[in-house]
Amino acid sequence: MSEASPGALDIARLSTADADFADRLEALLAWEGVSDDEVQHRVAEILEAVRTRGDAALVEYSNRFDRLSVSSMAELTLGPERLRQAFEGLPEAQRQALATAADRVRRYHEHQKPESWSYTEADGTRLGQQVTPLDRAGIYVPGGKAAYPSSVLMNALPAHVAGVGEIVMVVPTPDGVLNELVLAAAHLAGVDHVFTVGGAQAVAALAYGTETVPRVDKIVGPGNIYVATAKRAVFGQVGIDMIAGPSEILVISDGGTDPDWLAMDLFSQAEHDEDAQSILVSWDDAHLEAVAASMARLLPTMEREAIIRTSLAERGALIHCRDRAEAVALLNRIAPEHLELSVADPEAWLPEVRHAGAIFMGRFTAEALGDYCAGPNHVLPTSGTARFSSPLGVYDFQKRSSLIECSAEGASGLGPTASVLARGESLTAHARSAEYRIRD
Ligand SMILES: NC(=O)c1ccc[n+]([C@@H]2O[C@H](COP(=O)([O-])OP(=O)(O)OC[C@H]3O[C@@H](n4cnc5c(N)ncnc54)[C@H](O)[C@@H]3O)[C@@H](O)[C@H]2O)c1
Ligand SMILES: N[C@H](CO)Cc1c[nH]c[nH+]1
Ligand SMILES: [Zn+2]
C-alpha cells in the first residue's frame, strides 16, 4: 500500500473483475492485532512485573508510557466524589447528551437480559439453567489517542443491567490529562472504582490484582495492540469479552446516497486510528467516482486529516463489484465490525447478511449514531471475528449454571442408561453411583 500524500486522495481502487482481485482483497484485510513478536515480548514482561511487584510496577509503567510523574497509586485513583463533581461540572448540553445516550443504551440492553429457566418432566425431574451475574468486572476504556466517554457507557451499562456486583474501570490519562466527560460518564454508569492506568499494565492489574486494584473476574473493552495482546495473554486467569481492535466500516451503496454523506461515514471510522479500515463497495462506477471526489474535497476540512489520510492510504479501499450478489459475497467475506447498507431496500438484504458486528440499515442510519446513542453496543468484533463473535452485551457479564434435580423415580429411570455408558468408559464408580439409585 502507498504512503499518504497531502492534497490528493490516496486510497486503493479494486474491482472484482480484476484477475488479482482475490489476492488484493486478502492483502487489504490482513491485519493481526496481536501477533507482533516484539509487542508480545514487551507485554509478557509488563504482565510479569505487575503480577509480581503490583502497585510499584503499575506506577512505573504508567509514568513511562503515559508520561506521568506520580509516586503512588493514590495519585492514580479516583473516588466517587470526584466522578460526581465531573458530572455536575459539565456544561448543560454535555450533561444532557450523556444522560440521553445512557438512557437509550440502558433501555436497549434491558431487552438482552436472559432469564433463568427450568422445566419439569413427567416423573418430577426438574432441569434448567440459572443465570448469575459476575461478582466483579473490569472495564478497559481506551484513552491513548482519543478519549471515549461513550465507551464508558457501552462497557459499564450492560454490566449494570446484568447485575454485576462491582465494576472497576481503568483508563489511561496520557500526560496526566483527565477527561471530565469520561469521569462524568463513569458517574452516570455507576462505576465503583476508577484507576487512571492503561495499556498492558492496566490489564495485568485487573487480571492479577495489586495492593490497590482489586482482581476482577472478567476484563472487557476495546484497546490498542498492547491492550489486545495483554487481554489474550491473561485469558484463563480471567475471562475476556473479545479482541476488539481498530475500528472498521464497510459501506455498501446502491448509488442513491449523497456522496458527501458516504465520504463522511468512511472518514468517521478512519479518524479513530491510522490502523482503522474504511471500505466502500458499489456496482455503480460513477457513484464510486463521486464519493472519491467528495472525499478529496472534504479531507482538508477534517480536524484529524493526517490520521484519516494514513488510514485510507494504508487500509482503505473503494471496490467496484458487478452486482448486488457480489456485494453480498464480499460483505460476508469481510465480516466487518460495522456494515452500512446504504441501499433502498436494506430489509431485503438482511437474510443474506451472515457476518457483521452491527448492521446499519438505510441511508439515514449513519454509523456514528450507533457509536454514541442509538442504543446497541459499540464494542464490536473486528478483523473478521464477527464470523464467531457478537457485540458486547449483558450476556458477557453473566454466566449460566445448569440445574438438575432428579426425583426418586427420575433417578431410577436414568440409572440404567448412565450405568451402561459409564461401564463402557470403564468408570466403575460412576456406574455404581448411578446404580445405587435404581429402584428394585
Ligand atoms: N472496537 C471498539 O469498540 C472501539 C471503541 C473505541 C476505540 N477503539 C479502538 O481502540 C484503540 C484505542 O487505542 P489508543 O492507543 O487510543 O488507547 P489505549 O488506551 O488502547 O492504549 C493506550 C495505552 O497503550 C500503552 N502503550 C502505548 N505505547 C506503548 C508502548 N510503546 N509500549 C507499551 N505500551 C504502550 C500505554 O500504556 C497507553 O496507556 C484504537 O485502535 C481505536 O480504534 C475501538
Ligand atoms: N467506532 C468505535 C467502535 O469501533 C466507537 C466509538 C467511540 N467513539 C466514537 N466511536
Ligand atoms: Zn467511531
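Only the coordinates and a few stated rules stand behind these numbers; no lab work does. Just so we're clear, the structure is a prediction, and the values are computed from it rather than from any experiment. Using ideal geometry, Cβ is built from the backbone for each residue, glycine included, and neighbour counts are taken over all protein chains shown.
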Trypsin sites (Lys or Arg not before Pro) in segment 300-404 lying in a DSSP loop, each with at most 13 other Cβ atoms within 10 Å of its Cβ, come to ARG322, ARG354
Could you work out the helix-only [θ] at 222 nm for the chain, with each DSSP H run of four or more residues adding -39,500 (n - 2.57) and the total divided by the number of residues, to the nearest 500 deg cm²/dmol?
-> -13000 deg cm²/dmol
Choice from ALA44, ALA290, ALA122 with maximal GNM fluctuation in the chain (Cα, 10 Å cutoff) = ALA122
Inverse of <1/r> over all distinct C-alpha pairs of segment 6-113, i.e. the Kirkwood Rh in Å, gives 20.2 Å
Sorted by chain and then number, the residues having a modelled amide H within less than 5 Å of the amide H of THR212, at least 5 places away or on another chain, are ASP55
Segment 292-409: projected area of the alpha-carbon convex hull, averaged over directions, in nm² | 12.0 nm²
Excluding the sites themselves, what is the longest stretch of the chain that contains no chymotrypsin sites (Phe, Trp or Tyr not before Pro) in a DSSP loop with at most 12 other C-beta atoms within 10 Å?
-> 1-363
Starting from 0 in steps of 10 Å, tell me what percent of the Cα-Cα pairs of segment 260-346 lands in each bin.
-> 17, 51, 29, 4
Work out from phi, with θ = phi - 60° and the Karplus expression 6.51 cos²θ - 1.76 cosθ + 1.60, the ³J(HN,Hα) of each residue of segment 151-160, listed in order in whole Hz, and give x for Gly and Pro.
-> 6, 4, 5, 5, 7, 7, 5, x, 5, 4
Check the chain and count each lysine pair with an alpha-carbon distance under 24 angstrom, considering only pairs eight or more places apart or from different chains.
-> 6
When the chain is treated as a GNM, springs tying every alpha-carbon pair under 10 Å, which of PRO80, PRO142, PRO351 comes out with the largest mean-square fluctuation?
-> PRO351
Computed about the Cα centre, the charge dipole of the chain from +1 Lys/Arg and -1 Asp/Glu charges at the Cβ has a magnitude in debye, to the nearest 20, of 1340 debye
If a/c stays under 1.5 just call it rounded; otherwise compare a/b with b/c (prolate if a/b is bigger, oblate if not). Do that for segment 149-211, with a ≥ b ≥ c from the square roots of the Cα gyration tensor eigenvalues.
-> oblate
Starting from the Cα gyration tensor of the chain, multiply each eigenvalue by 5, take the square root, and state the resulting semi-axes largest first in whole Å.
-> 41, 31, 22
With 10 Å bins from 0: P(r) over segment 52-141, alpha-carbon pairs, percent = 11, 21, 25, 23, 11, 7, 2
